[in-house]
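Here is the structure we will look at.
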Amino acid sequence: MTTVTNPANPRTTEESPKPRRRGLVRFARAAASSVAATLLSQATLIAVLSADGAPWLASACAFAAGAVLNFFLTRRWVWGRRGRPEVGRELLPYVLVISLGGLASVGLTTLTGHLLAPLRLPHFWWVALLDAAYVLSYALVFVAKFTMLDRFVFGRDAARTPATTSLS
């Protein structure tokens, strides 16, 4: 944390608002990039489900589409990383973190598909409910995923190299 001297009382210090503001901006950017990735995922999910694809296949394809976009958006725009990503320090930890969210998404979407199967819903409602389960699973894990990416992959506690320390 950055501290500054209080001009009214030089013996006291206050926390500078810059680190907090930077963290909020980073969180807002992560949320925006997650929304973009979710939109791509949604398009993929709906396309596969509309073609009578299985819920597990649709959610897996949707997860993969969103994960690739999200990696590049978060790496560059949220954490200001440039250059070629390091496999051991960025790519593999990123894949591990988001895979946990992906497993939750695929699992919840598949479970929802099994629960809806006996209801014999019209195809439109079946797709809409599976889509809702998919989005809900991502909303549930967003904060945990952001925290892990910030702490262990791209953020302040992650290993730094000269090519990856620039700020945006």
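The values are calculated or read from the model by the stated rules, or taken from the named source; none is laboratory data. Treat the numbers as computed from the prediction; the structure is a model and nothing was measured. Ideal geometry is used to build each Cβ from the backbone, glycine not excepted, and the neighbour counts take in all protein chains shown. The protein model used for the area step is the full one, side chains on, heavy atoms only, and it has no ligands, DNA or RNA in it. Shrake-Rupley method; radii C 1.70, N 1.55, O 1.52, S 1.80 Å.
Please verify whether the stretch 50-62 includes one or more residues that are open to solvent by 20 Å² or more (accessible area, probe 1.4 Å), small (G, A, S) and under 18 Å from M148 (Cβ atoms). Show your work before the answer.
To start, the set of residues in the stretch 50-62 that are open to solvent by 20 Å² or more (accessible area, probe 1.4 Å) comprises 50-52, 54-57, 60-61.
From what is left, the residues that are small (G, A, S) are 50-51, 54, 60.
Subsequent filtering for residues that are under 18 Å from M148 (Cβ atoms) retains none.
The answer is no, given that none of the residues of the stretch 50-62 is open to solvent by 20 Å² or more (accessible area, probe 1.4 Å), small (G, A, S) and under 18 Å from M148 (Cβ atoms).
Here's the yes/no breakdown for (1) touching a helix residue (DSSP H, G or I) at 6+ places or on another chain (Cβ under 7 Å); (2) closer than 21 Å to A60 by Cβ; (3) touching a residue at least 60 places away in the same chain (Cβ under 8 Å):
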| residue | (1), (2), (3) |
| --- | --- |
| H114 | no, yes, no |
| L119 | no, no, no |
| W125 | no, no, no |
| D131 | yes, yes, yes |
| Y134 | yes, yes, yes |
| V153 | yes, no, yes |
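Please specify each residue of the stretch 18-49 satisfying the condition of being among the β-branched types (V, I, T) and under 11 Å from the mean Cα position of the chain (by Cα). V35, T38, listed by residue number. Select from the stretch 58-85 the residues that are in contact with a helix residue (DSSP H, G or I) (Cβ under 6 Å, 6 or more places away or on another chain) and aliphatic (A, V, I, L, M) and write down the one among them that is farthest from L111 (Cα to Cα). Selected residue: V78. V141 - would you say it is of a type outside the set (K, R), closer than 15 Å to A62 by Cα and touching a helix residue (DSSP H, G or I) at 6+ places or on another chain (Cβ under 6 Å)? So V141 fails the test. Annotation: of all residues in the stretch 70-91 being open to solvent by 30 Å² or more (accessible area, probe 1.4 Å) and over 15 Å from the mean Cα position of the chain (by Cα), the one that is nearest to F152 (Cα to Cα) is R89. Restricting attention to the stretch 1-44, the residues that are touching a Ser or Thr at 6+ places or on another chain (Cβ under 6 Å) and at pLDDT 90 or above add up to 1.
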